[in-house]
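Visitor: Take a look at this one; I'll ask things after.
Every read-out reported here was derived from the displayed coordinates using simple, explicitly stated rules and does not represent laboratory data. Remember, predicted model here, so these are calculated numbers, not experimental data. Counting neighbours? That spans all protein chains shown, and the Cβs are built from the backbone with ideal geometry, glycine included.
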Amino acid sequence: MAAPRRAVAPTPDAAPWSVSRLAGEIDTTLRRGVPAPVRVIGEVSGFRDRTHWYFDLKDEGAVVNCVLFANIARKINPPPRDGEQVVVKGRIEFYTKGGKVSFILESLDRAGEGPLDRAFRELCATLKAEGYFAVERKKPLPRFPRRIAVITSRSAAALQDVIDTARRRCPAVGLVLVDVPVQGDAAAPEIARAIDRVSRHHKQLGVDAIILTRGGGSKEDLWCFNERVVADAIHRCTVPLVAAIGHETDTTIAELVADERCATPTQAAMRLTPDTSELLRQLNSTRRRLVTALARGAELASRDIDRAGDRLASAALDTIAALRTRAHQLELRLERVRPQAQHARMIARLAAAQERLRRAVQSRLDPSRLHAASDALARAVARRSHDATAKLDALDKHLAAVSPKRVLERGFSITAAADGRLVRSVNDVAAGDALTTHVADGTIASTVGAHAAPRPSSPAPRPGKPRKPDPDEPGLFHGWKM
C-alpha cells in the first residue's frame, strides 16, 4: 500500500484555489489514502431501488453512502432489507460535481440481522404476547368526529398533508395540533406524554380521535416510534388512535399497537374525516327514497279510501234497494185490501145468499105470498146493499185519507233506521246511525250527526173519563206498518 501523500499547506501569499482544484485534491487524497478495494461490515438503512441501488451503511458511530450499480445488483436476489447486516467490498470515490463521497460497491454479502432489527423483533414478540396487537382490544373509529388531535411536529410536512385533506373533505371537523419532536432520543418520551395528556383531557378538548404521524425517514429517524414507552401510551389511550408513520413500506411498533394503521398522513386524515360530497349524495339519495316512500304510502292510502267509499256506497245502494222492495211489498198488500175488492166480494156473497133464500122460500110458500115476500126481500136487500155500499164508500174515503202515500204527498216524511224500525223519537237513534227518509217521490239516505235532546213532554192530562176513539177520525199514520 502506498503511503499517503502529506498535504502541503498553502502560504498566505499564494493565490486561492478554485473549487475544482480543491475537489481534485480531495479525490486524489481519498484514492491514495484509502485502500481499494476495501471490505466493510455494517447495517443497511434507507434502501432505495432506482435501477441502481442506493442505501446507507451504518453502525453505532457513523454512516457511509453506498452505491451498487445495476449490472452487479441484478446478480443479488433478493435485495437487502433495512436493518440487515451486510459485508460489502468496494472503493471510495468523491463525486466532484455533487460534492459527495460515495462508497462504490463491487459486491454485497449478507452477514445477518442488525441490532435495530433485532431490537424491533424482540419488542414485537414481547408486545404480542402481552396482547398489545390483539384485534379485539382495538377501538372503533368515530364516523363523525367533532375534533381530531394531530400529534406530530409543527414543522413536519405530514401536518400540512393532514390539514389540507381535512379541509378539503370536511371543514366542519376541527384539528388540534399537539407539537412534539418526532426524531431523536428525546422524542419517544415526549410523544408518550402527549398521548397521555390528550387521553386524560379529551372530553374537555372535545377530541374524538387522534392522528399520530410523521413523514418518511431512515430506520434511525423513525426509531422513536418503536420505543416501549410509546407503545404503552398508545395501549392505555382511551381515544381511538390512527398511526401513519413514514412511507408505506415502513412499519413501526406504534402502528401495530394503534387502533388503525394508515400508509400516509393523507390516508389517515381521509380515514377519520367524512367526505362532505359523499354525505350530500347520501342525504339526497335518502331524501329521494323518503319522498318515494311517502308518495307510495299516500297512493296506497288513497286506494284504501276509494275502496272504503265504494263499499259504503254499495252498502247504501243495497239498503235503498231493500227499502224499495219492502215499500213495493207494502204497496201490494195495500192494493189487496182496497175497499173495491171487499165491496165486490160482499155483493157476490149477498147475491149467493139471495139465491139460496129464494129457492128455500119458493119451496115452502105459495106463489102469491112468495111473490110479495120476494118483493119485500128484494127491497130489503136493495136497501141493505145501498147502506153497505154507502158505508164501504165512507171506509174507502177514510182509508184514502190515512194512506201513507197521501200523507207523504201532503209534505210529511217517514224515517227508518238501518234495521227497518220507524224512528218516532230522538231516543231511537244515536250519533253516526244511518237513516233512510221516505218522501213522496223517493228516499233520502242520511247519517245522524249531533244527538239532539228530546223536547220537554207536555203536561199530563187531568184524570177523567177517557174519550172513546172515533173510528171515523183519520190518524196521521193510521194503519202504517213497516
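Visitor: Lys/Arg Cβ at +1, Asp/Glu Cβ at -1, dipole of the chain taken about the Cα centre: which of LEU435, TRP53, LEU334 is farthest positive-ward?
Guide: So the residue we want is LEU334.
Visitor: In a shell of Cβ-Cβ distance under 10 Å around SER218, excluding SER218 itself, what net charge do Lys and Arg (+1) and Asp and Glu (-1) give?
Guide: Its environment carries a net charge of -3.
Visitor: When the label point is put 7 Å from the Cα of ASP275 along its Cα-to-beta-carbon vector, which residues of the stretch 148-179 have a backbone N closer than 12 Å?
Guide: 169-170
Visitor: So what's the angle, to the nearest 10 degrees on a 0 to 90 scale, between helix 276-336 and the longest Cα principal axis of the chain?
Guide: In the chain, helix 276-336 runs at an angle near 10 degrees to the longest axis.
Visitor: Counting Lys and Arg as +1 and Asp and Glu as -1, what is the net charge of the other residues whose Cβ lies under 14 Å from the Cβ of LEU323?
Guide: 0
Visitor: Starting from the Cα of ASP428, step 7 Å along the direction of its Cβ; do the same at VAL19; then give the gap between the two resulting points in nm.
Guide: Each label point is offset 7 Å from its Cα along the Cβ direction, giving 12.3 nm.
Visitor: Another question about this same structure. Pick out, in residue order, every one of the trypsin sites (Lys or Arg not before Pro) in the stretch 126-235 that is DSSP loop and has at most 16 other C-beta atoms within 10 Å; say none if there are none.
Guide: Sparse-neighbourhood loop trypsin sites (Lys or Arg not before Pro): LYS138, ARG143, ARG146, ARG154.
Visitor: Give me the net charge of HIS438's neighbourhood, meaning all other residues with Cβ under 13 Å from the Cβ of HIS438; Lys, Arg count +1, Asp, Glu -1.
Guide: 0
Visitor: For the pair ASP396 and ALA316, what calculated FRET efficiency results from E = 1/(1 + (r/R0)^6), where r is the Cβ-Cβ distance and R0 = 51 Å, to the nearest 0.05?
Guide: Once the sixth-power term is evaluated, E becomes 0.85.
Visitor: Taking only C-alpha pairs under 8 Å that are 6+ residues apart, what is the relative contact order of the stretch 19-113 in percent?
Guide: Computed value for the stretch 19-113: 31 percent relative contact order.
Visitor: Taking the mean number of other Cβ atoms within 10 Å as a proxy for protection, how do you rank 232-242, 57-67 from highest to lowest?
Guide: Top to bottom by mean Cβ count within 10 Å: 232-242, 57-67.
Visitor: Run down the aspartates and glutamates and flag those whose C-alpha is under 13 Å from the C-alpha of LYS138, throwing out any fewer than 8 positions away in its chain.
Guide: In chain and number order, the partners are GLU255, ASP259, GLU260.
Visitor: Hey, got the dipole for the chain? About the Cα centre, +1 on K and R Cβ, -1 on D and E Cβ, debye to the nearest 20?
Guide: 3820 debye
Visitor: Give the relative contact order (percent, whole number) for the chain; include only Cα pairs under 8 Å separated by 6+ residues.
Guide: Reported relative contact order: 8 percent.
Visitor: For ARG74, put the label point 7 Å out on the Cα→Cβ axis and report which residues of the stretch 96-140 keep their amide N under 19 Å from it.
Guide: Taking a point 7 Å out along Cα→Cβ of ARG74, the residues of the stretch 96-140 whose backbone N falls under 19 Å are 105-108.
Visitor: Hey, how many Å between the Cα centroid of the stretch 254-321 and the Cα centroid of the stretch 130-146?
Guide: 31 Å
Visitor: Which entries of LYS100/LYS128; LYS89/LYS219; LYS89/LYS128; LYS75/LYS97 show an alpha-carbon separation above 32 angstrom in the structure shown?
Guide: Those over the limit are LYS100/LYS128; LYS89/LYS128.
Visitor: First check a/c for the stretch 92-188, with a ≥ b ≥ c the square roots of the eigenvalues of its C-alpha gyration tensor; if it is under 1.5, answer rounded, and if not, answer prolate when a/b is larger than b/c or oblate otherwise.
Guide: Note, shape of the stretch 92-188 comes out oblate.
Visitor: Also, quick follow-up: Compute the distance in nm between two label points, each set 7 Å from the Cα along the Cα-to-Cβ direction, one at ASP185 and one at ALA372.
Guide: The two pseudo-label positions are separated by 17.6 nm.
Visitor: Shifting gears a bit: Given the C-alpha centroids of the stretch 25-74 and the stretch 417-452, what is the distance between them in whole angstrom?
Guide: Comparing the Cα centres of the stretch 25-74 and the stretch 417-452, I get a distance of 113 Å.
Visitor: How big is the Kirkwood radius of the chain, worked out from every pair of different alpha carbons and given in Å to one decimal?
Guide: 35.9 Å
Visitor: Can you tell me the orientation of helix 19-33 relative to the chain, as the angle in degrees between its alpha-carbon axis and the longest Cα principal axis, to the nearest 10?
Guide: Relative to the chain, helix 19-33 is tipped by roughly 70 degrees.
Visitor: Additional query: For ILE26 and THR292, FRET efficiency with R0 = 60 Å and r from the beta-carbon atoms, rounded to 0.05?
Guide: So, using R0 = 60 Å, E works out to roughly 0.15.
Visitor: Using only the alpha-carbon atoms, how far is helix 187-200 inclined from the longest principal axis of the chain? Give it as 0 to 90 degrees, nearest 10.
Guide: Long axis of 187-200 versus the principal axis of the chain: about 20 degrees.
Visitor: Then there is this: Using +1 at the Cβ of each Lys and Arg and -1 at the Cβ of each Asp and Glu in the stretch 46-173, identify which of LEU105, SER153, ILE92 lies farthest towards the dipole's positive end.
Guide: Result: SER153.
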